[in-house]
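For reference, the structure discussed in these notes is given below.
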Amino acid sequence: MSQLDRIFERQGQVASRADDVDSLRAFVLLAIGESRVVVPIERLREVVEATQVTPYPLPEPGYVGIANLRGNLLPVVTPELLGSGVLAQGGAEPRDQRLLVVFETEGNALVGVRATAVRKILVGPDDRPKGDGCDNVIAVGGDPVRILSVDALHTGATEPS
Amino acid sequence: MEDDLTIMREVFDESTEILDRLGADLDTLATVVPWQPVVDDVYRGVHTIKGNCAAVGWTRVADPAHAIETSVGRMRQATTRPRASEILQLRSCFDDLEQLLKEVAGFGGAAPPSPPEALAAPTPPSPKATVRAPASGAGAETSARYAALTPTVDLIIPGLRAPKVATIANTIAPTSGPLVSAPTGAMASMAPRGAVRNEGQSSLRVPVQAVNGALNHIWEVFLLRSQIAYLFEEHRDALKGAHALIQAWEPLDAALRRHVTELETVVMSMRLMSLRGLFSRMHQVVRAYAAGHPEKDVELTTHGEDIQVDKRVLDRLGEPFIHLVRNAIDHGIEPAAARAAAGKPRAGRLSIHAEATADRIVIRITDDGRGISAPHLLAKARERGIDVSAMHSDESALELIFRPGFSTVEQVTGDSGRGVGMDAVRTSITELGGSVNLETRPGFGTTFTVTLPVSVSIVPVVLLDVNGETYATHVSSVIEVCRVPGSEIRTSTGEPMLHFHDRFIRCLDLRTRMHGSGAVDASGDASLCVVRRAGSLLGLRVSRVIATTEVVVKPLPPLSPLRSYVLGVSILPTGQAIFVLSLEQLAEHLSTAPGAPGGGASRVAA
C-alpha cells in the first residue's frame, strides 16, 4: 500500500478507480509564523523539534544554516528560496519556528525548512488551472496558499542574490 | 608504457567525471538563477578536458573540445541565458565527446579501424627531458579539419557525432610519434578495478570505494567516541559515587581512542599514493605543448616523486597542476631565440619539486622565464576597470592573477590565455585545505608554492568563537594565536594595526563582519588569530580562541552554497555542526567584497 493509499484510506477517500488516484494530490499544510504554505507530501521526510541550526559564517540569502540530523548534515533554507513568496513576518521570528521540516528532493538530497507548526494533510484532486501563472498555488479554505517547490533547489534555483 | 597507460586511465576517468558534472550543469542551466556561474563551470570543465586529452595525445577529443570551448565562450559573453536548443546541442556534443573518449581509450563504442590513440602514446617520461616536436602532423591536420567544421553561429558543431568524427580522424594517418605495437584496447586490458589478489607480491587490490567506506565507518566511530566521552565528562559529577565505573571507563576510553586512531592511520595508508603518476602527467603536458611550439625548448625536472599523498587529494591535483604547468611554459618561458638574446640558456627550465613535512606536502613549480610584472598587472587591471587603489604592494598586485576571469594575455591560444585557471587552481587547492602562493622576479622566473595536507580526514584544528558561534580552522594555517590588551590595537589611517613581534600587522575584526555581528566591545582583551595572507601577516580578531582539537572534516551537504572560505563541516562531540574555515580565504573575501558578506552564491554542493 502506497503512502497516498494509506492517507486516502484514513480519510475515507479511497478512490474507486485508478484514474481517480492519479488525479489526486496530497499536501502538508505548514504554518510559518502567520503565513501558511503547503508541500507535496511525497517530498516530506520527517518533522523534528528544536534542532540546532548552525548559521553560515556570512549571510547567505535564502540559506539559514546547516543542521545535524542524527549524523546527517543538511542545509536549512528559507521558504522564500522554495518559492513561497514574501511571507508575513508576524510571529515568524526563529524562536517561534521550533520545528524543522525535512524534505527530500528528487535527487535524494535532504533540505530543511523551519516552521511553526504542521497543521494538516490536504488531499484533493489536482485540478489547478495550468499556465495562468498560478501553478504553484492551491486553495485552502478559499484562500490561496503557495506550494513550496523542493525540487527547485535540485535544479539549482538557489541563488536569489 | 605502463606509466603512460596509467595516466591515460586517469585522464579517461577524470574526463568522464567532468562530463558527468557538466551533464548535471546542463540539467540546471535552463532554470538556475543566476545562470552565468553554470556556464562558467561548463567552460572550465571543457577547458580541462581539452587540456587533459591534449596532454596524452588524444587530439580526436581535444580538438572538438576546443571547438566546444569556443562556443561556450560565446555563451559566457552573452547577456542572455542560453536557449533550450543550445543547451540540447551542448548535451549532444557532450554525448559525442564521451563516445570519442571511449573510442580513443579503447573502451568500446564504435571502435575505429585504426589503432586507438591510446596506443600512439609518446615516449615514456624521463626525469629530465628536452622536448621538441614539429607543429605539423595528425594533430594539426585534425585541428584544421575541425576548424573548418566549426560554424560561426552559436553552438552548432556539425560533424561532431562520433562515427563521423571517427571517420574523419581515421583518414588522417599519424605522421609523428612512435606507434607502439600493442593489442587494440590496451587500456581496456589494464587490471580491472575489482578486487584482485596478487599473492606473489603479498598485496591485495581492493576498490577505492571499499577503503573509503571503511574510513567513513572509522570516522563515525571516532565521532561517537568523542560524543560518549563528552557525555561522560558532562555527567561526571553525577557519577561521583561510582568509582569502579570511572576507574574502568578511563583506560577503556583511552584504549578505544588509541585503536581508532591507529586504525584510521592504517586504512589511510591504503589510500596513499606516490606523486609519480602526477609528475609523469606533467611530463606529458610539456611534451604535448612542445609538439605544437617548436620555437620553445623546455626542460622539465621533477623531484620528490616518491612522496605519498592521500588519493583523495591526489585525484584533485591533476587539473590545477596542468593549469600551472601550461601557464608556466606558455606565458613564463620565452621562445628559445628570445632567451638566447637575453643571455639565458636556450632551453627554459621548469622544475617541480616536492618535499614532505610531518603533515604537509609542499610542491614548488618553478620556471626561469620572464616572471610576472606587478606594474603590468596593475595596468591591465585598470584597463579592465578593476579598483586597484588598495593594492599598495607587489604582493597584493600579484594576487590579481587569482581573480576569476583575469588574464593579461592579449591573444587566446589553444593552451591558455582565456583567464581560466588560476582562480580555479586556488579554489581547488583551498578546498583541499591547502594554499597556493607565488613569488616572482621579472626577467628571472616565477615559483608557485602549493602546500597541501597529506590527507583529508581527522585533522587538528583551532576552535574559535565569533559572536557565540563556533568555527574551526586548520592548525597549520594559523601562525599564532594571542591575547593582547585591546588598547594595543591602534588605528592608522582608519585601519586597525597591532604591533606584533617586530612589526605592525593589519587587523580585521571578524566580530563585526560575521554572523551575529553587531555592537562589539572594543575594550578589554583582544583575542587574535594571526594568519598569512598575500605574503603578509594579518590579525583576525575573534571573540575567543576556545581550544585545539581534532575533528573529522566532511564535505558540505548537498545543495549548500559553496564558498572558497568554507572548507567543510564537522560535528562537535556535543552534536553541534560547525563550519571549517580557511581564514586566509575568509580574509580575502572580506577584503575584496566589503559590504557584501555572502555575495551571490557561485556554486552549490552537488
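Values in this text are rule-based calculations from the coordinates and carry no lab data. The shown structure was predicted, so the numbers you read here are calculated from the model rather than taken from an experiment. Every residue, glycine among them, receives a Cβ derived from its backbone with ideal geometry; neighbour counts consider all protein chains shown.
Which shape class applies to the range B:332-402: rounded if a/c is under 1.5, otherwise prolate when a/b exceeds b/c and oblate if not, where a ≥ b ≥ c are the square roots of the Cα gyration tensor eigenvalues? Oblate, since a/c reaches 1.5 and b/c is not below a/b. Which of the residue pairs B:LYS296/B:LYS380; B:LYS50/B:LYS380; B:LYS50/B:LYS296; B:LYS344/B:LYS380; B:LYS380/B:LYS554; B:LYS102/B:LYS296 have a Cα-Cα distance greater than 30 Å in the structure shown? Distance filter (> 30 Å) returns B:LYS380/B:LYS554; B:LYS102/B:LYS296. Per residue, the average separation of C-alpha pairs within less than 8 Å and at least 6 apart gives the range B:20-62 a relative contact order of 28 percent. Taking amide H as placed 1.01 Å from N in the peptide plane, A:VAL64 has its amide H under 5 Å from the amide H of A:VAL76, A:VAL77, A:THR78, each at least 5 places away in sequence or on another chain.
Remark: mean inter-chain Cβ contacts per residue of B:556-567 equal 6, using a 10 Å Cβ-Cβ cutoff to other protein chain atoms.
Stretch B:LEU272-B:THR31 to full length: gain in nm at 0.36 nm per residue minus the Cα-Cα span? Could you put the intermediate results ahead of the total?
Details: separation 241, 0.36 × 241 = 86.76 nm, distance 4.08 nm.
Using 0.36 nm per residue and subtracting the Cα-Cα distance, I get 82.7 nm.
Label sites at B:HIS243 and A:ALA139, each approximated as a point 7 angstrom past Cα along Cα to Cβ, lie 7.7 nm apart.
Taking the Cα-to-Cβ direction at B:VAL211 and at A:ASN108 and moving 7 Å from each Cα, how far apart do the two end points lie in nm? For the pair B:VAL211/A:ASN108, the computed spacing is 2.4 nm. Between the alpha-carbon centres of the range B:301-356 and the range A:48-63 there is a gap of 43 Å. Shape class for the range B:45-109, computed from the alpha carbon gyration tensor (a ≥ b ≥ c): oblate, with a/c not under 1.5 and a/b at or below b/c.
Take each residue of peptide B:572-580, count the partner chain Cβ atoms within 10 Å of its Cβ, and average: the result is 4. Net charge of the neighbourhood of B:VAL552, taken over other residues with C-beta under 12 Å away and scored Lys/Arg +1, Asp/Glu -1, is -1. Length gained on full extension, B:SER389 to B:ARG441: 16.4 nm, using 0.36 nm per residue less the C-alpha separation.
Dipole orientation for the range B:222-271: of the candidates B:ALA242, B:VAL266, B:PHE222, B:VAL266 has the Cα lying most toward the positive pole (charges on Cβ; Lys, Arg +1; Asp, Glu -1).
With each label modelled as a point 7 angstrom along the Cα→C-beta vector, the A:ALA117-A:LEU24 pair spans 2.6 nm.
Shape of the range B:545-590 from the C-alpha gyration tensor: oblate (a/c of 1.5 or more and a/b not above b/c, with a ≥ b ≥ c the square roots of its eigenvalues).
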